Amino acid sequence: MSSPLLWRCRDRALDLSVRTAVMGIVNVTPDSFSDGGRWLDPAAAIARCRELAAEGADLIDLGAESTRPGAVAVSADEQVRRLEPVLRALAAEPARLPDGAGTALVSVDTRSAAVARRALELGAHVINDVSALDDPAMGAVVAASGAGLVLMHMRGTPETMQTRTAYADVVAEVAAELRERVARASAAGVADDRIVLDPGIGFAKAAEQSLELLARTAELVALGFPLLVGASRKSFLSRLLGGLPADQRLEGSLAAATLAVVEGARIVRVHDVAATVRAVRVAEAVREARPARGPSLPA
Ligand code: HH2
């Protein structure tokens, strides 16, 4: 059996056993909560992808639909219209990592199987599905391509999710619901070594629930799949920092990413790639320096 920390994505694979993968965000949208409108022009988006890869983004996550709380769904046709020129440019000339370390993988953040199918035809390596297979056709589309698949936890849709934050034990319930989505992916033919899990920080979560998920990252790592955490610039940080706007949440985002990595997250999804790469190089070294945890501490 292959290592669960080798994530296979079509003809590529990311070794997550020591080095944390950094996923850089490029939203080709008019309305994303932090970078909405900045990368809607294809030329600007393509340049941003190349810039993030040059800063060390192992993956570029392209989104064409905002999933901020209250956001309304965007049609598949419109998502494809926004994504296609960017995907074509990255397929023709992949975005290069620094120091000759190869090229960034391309991930597409979509809940739509039709969008995923087209993105995969255009060379995407990963489908990042924040609904974790709500679209009944999604699993088969991903399985047929051998792409990587991110299954993120959410309840409801971005429009309704903040009315669905009642949990008795947020970590136990997120874990159980992610397990159900893994079963759905497996039933559709997605191999285990393609799957990454994500607690969905801020998706159907109140601020204190996002904090508890971060604090208890290790319990989600124990599900046996690489864990991705996306806390970058999210509103739970602002609540702790006197209401700072999204463009002033860098230090809070770095703190959250660092903690997640020390606790075992293997991929972080972020807006600020250069700073995050430096922070997680330290965090993963601390994690690797920790002695293996014994069965229990003396009383
Ligand atoms: N968060 C957002 C979008 N996609 N995907 C995963 N796997 N994990 C996340 O935490 C996650 C995600 C929301 O952030 P952003 O893309 O910056 O904003 P918007 O949804 O408004 O485009």
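The values are calculated or read from the model by the stated rules, or taken from the named source; none is laboratory data. The structure presented is a predicted model; accordingly, all values stated were derived computationally and were not measured. Quick reminder, even Gly has a Cβ in these numbers, built from the backbone with ideal geometry, and neighbours come from all protein chains shown. Ligands, DNA and RNA are stripped out before the accessible areas are found, and what is left, the full protein with its side chains, is counted by its heavy atoms. Shrake-Rupley method; radii C 1.70, N 1.55, O 1.52, S 1.80 Å.
Here are a few things to note about the model shown:
- Taking (1) part of a helix (DSSP H, G or I); (2) of a type in the set (A, V, I, L, M, F, W, C); (3) open to solvent by 30 Å² or more (accessible area, probe 1.4 Å) in turn, LEU220 satisfies each apart from (3).
- Restricting LEU197, LEU213 to those that are touching a Pro at 6+ places or on another chain (Cβ under 6 Å), open to solvent by less than 20 Å² (accessible area, probe 1.4 Å) and within 16 Å of the ligand (Cβ to nearest atom) reduces the list to LEU213.
- Members of segment 172-185 found to be among the aliphatic types (A, V, I, L, M) and buried (at least 18 other Cβ atoms within 10 Å of the Cβ), listed by number: VAL174, ALA175, LEU178, VAL182, ALA185
- Criterion (hydrophobic (A, V, I, L, M, F, W, C) and more than 25 Å from ALA132 (Cα to Cα)) met by exactly one of LEU250, LEU211, LEU227, LEU220: LEU250
- Annotation: ALA140 fulfils all but one of (1) modelled with pLDDT of 95 or more; (2) out of contact with any Gly (no Cβ under 8 Å at 6 or more places or on another chain); (3) not basic (Lys, Arg); the unmet one is (2).
- Test: VAL130 is crowded, with 20+ Cβ neighbours inside 10 Å, over 19 Å from the mean Cα position of the chain (by Cα) and either over 17 Å from VAL74 (Cβ atoms) or modelled with pLDDT of 95 or more (or both): no
- Take the conditions (1) in contact with a Gly (Cβ under 8 Å, 6 or more places away or on another chain); (2) touching a residue at least 60 places away in the same chain (Cβ under 8 Å); (3) farther than 30 Å from ALA140 by Cβ; ASP31 misses just one of them, which is (2).
- One residue alone among ALA113, ALA104, ALA76 is open to solvent by less than 30 Å² (accessible area, probe 1.4 Å) and either of a type in the set (Lys, Arg) or closer than 30 Å to GLY156 by Cα (or both), and that residue is ALA113.
- Among the residues listed as VAL280, VAL229, the single one being away from the ligand (no atom under 15 Å from the Cβ), under 30 Å from GLY146 (Cα atoms) and either surrounded by 24 or more Cβ atoms within 10 Å (Cβ to Cβ) or within 15 Å of the chain's Cα centre (by Cα) (or both): VAL280
- Residues satisfying the stated conditions in segment 51-73, i.e. surrounded by fewer than 22 Cβ atoms within 10 Å (Cβ to Cβ) and modelled with pLDDT of 95 or more: GLU51, ALA54, GLU55, GLY56
- For segment 89-112, the count of residues that are within 16 Å of the ligand (Cβ to nearest atom), out of contact with any His (no Cβ under 8 Å at 6 or more places or on another chain) and polar (S, T, N, Q) is at least one.
- Filter result for the condition that a residue is under 19 Å from ASP35 (Cβ atoms), out of contact with any helix residue (DSSP H, G or I) (no Cβ under 9 Å at 6 or more places or on another chain) and open to solvent by 10 Å² or more (accessible area, probe 1.4 Å), over ASP272, ASP247: ASP247
- None of GLY70, GLY63 is within 24 Å of MET161 (Cβ to Cβ), within 16 Å of the ligand (Cβ to nearest atom) and touching a Pro at 6+ places or on another chain (Cβ under 8 Å) except GLY70.
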